[in-house]
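Working notes, beginning with the structure itself.
Values quoted throughout were computed directly from the atomic coordinates according to the rules given, and no laboratory measurement underlies them. What you are looking at is a predicted structure, and each value in this text was computed from that prediction instead of being measured. When we count neighbours, we look across all protein chains shown, and the Cβ atoms used for this are built from the backbone with ideal geometry, even at glycine.
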Amino acid sequence: MSTMNASTQQQQKQAVAADALKYIESGMILGVGTGSTVNCLIDLLPRVRLKGAVCSSKATEDRLRAIGVE
């Protein structure tokens with residue numbers, strides 16, 4: 001049984017998302033999955049100018065469109 005609390009888990013997801021962002025360059029077409037860690041990454045994507053994205057779900061597509069990624 002994990003003793004990790006929700007706050008710590010969220011911080012780890014945000015750290016993973018920040019690390020992943022280092023590999024994303026402006027002008028890329030990005031394949032984007034689904035889930036809470038991916039949502040943390042999507043929150044950071046306005047820092048880069050993506051050419052577009054391929055989404056694995058309607059929820060991800062909606063989140064990306066909300067920040068201007070088509």
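Quick look at the numbers
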item	result
Rh (Kirkwood; distinct C-alpha pairs) - the chain, Å	12.6 Å
Segments 35-44, 52-61, 20-29 sorted - mean Cβ within 10 Å per residue, highest first	35-44, 52-61, 20-29
